[in-house]
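K.L.:
Sharing a structure here in structure tokens format.
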């Protein structure tokens, strides 16, 4: 029974790894490739580590498999985000059929900072609920920045 469960977990993990590889080949730009490969390969690795824990029911092995899974779950999304941010700042083009680039006018390339999202009050032009926000009094007026050039 243990071998069957282990084999099923390995097959599911391998299937997610194959999906990650196909996503790497099929997605049109860097940002989509990173998204699909990060998610699929993290899931695939998780299933493979579960297979290791089922196959070797030793506390040391289970602890190591859990530690590896936890490490990858914590670091993989952060690493993908940082790589995507570096790619965006350096001007890697988006897919030509991308409809919206939400960072285009909000990302300051010099300071590498992101302006906050406008609130619904700012979008509709209505005054803030409490009449006068403390943030508006203390924060300087935002500078207008032109985002990275996208072709």
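K.L.:
How do 75, 69 rank when sorted from fewest to most other Cβ atoms within 10 Å of their own Cβ?
P.N.:
Working: 75 11, 69 19.
With the sparsest Cβ surroundings first, the list reads 75, 69.
K.L.:
Based on other C-beta atoms within 10 Å, arrange 45, 82 from fewest to most. Kindly include the intermediate steps, with their values, before the conclusion.
P.N.:
On the way: 45 19, 82 10.
Starting with the residue having the fewest Cβ neighbours, the order is 82, 45.
K.L.:
Next up: Taking the Cβ of each residue in 106, 26 as the centre, tally the other Cβ atoms inside 10 Å and list the residues starting with the fewest. Present the calculation step by step, with values, prior to reporting the outcome.
P.N.:
Working: 106 16, 26 10.
The order, fewest Cβ neighbours first, is 26, 106.
K.L.:
Using 1/(1 + (r/R0)^6) with R0 = 30 angstrom and r between the beta carbons of residue 11 and residue 58, what's the FRET efficiency to the nearest 0.05? Numbers along the way, then the final one.
P.N.:
Working: r = 23 Å, r/R0 = 0.76.
My answer for the efficiency is 0.85.
K.L.:
Rg/Rh for segment 1-119: what does it come to with C-alpha atoms and Rh from Kirkwood?
P.N.:
On the way: Rg = 18.7 Å, Rh = 16.6 Å.
Rg/Rh: 1.13.
K.L.:
Quick check: residue separation of residue 89 and residue 27 times 0.36 nm, minus the Cα distance between them. What number comes out in nm? Kindly include the intermediate steps, with their values, before the conclusion.
P.N.:
Numbers: separation 62, 0.36 × 62 = 22.32 nm, distance 2.05 nm.
Difference between extended and current length: 20.3 nm.
Every number here is computed from the coordinates shown, using simple stated rules; none is lab data. Just so you know, these numbers come straight off a predicted model, no measurement behind them. Here Cβ is always computed from backbone atoms with ideal geometry, including for glycine, and neighbour counts include all displayed protein chains.
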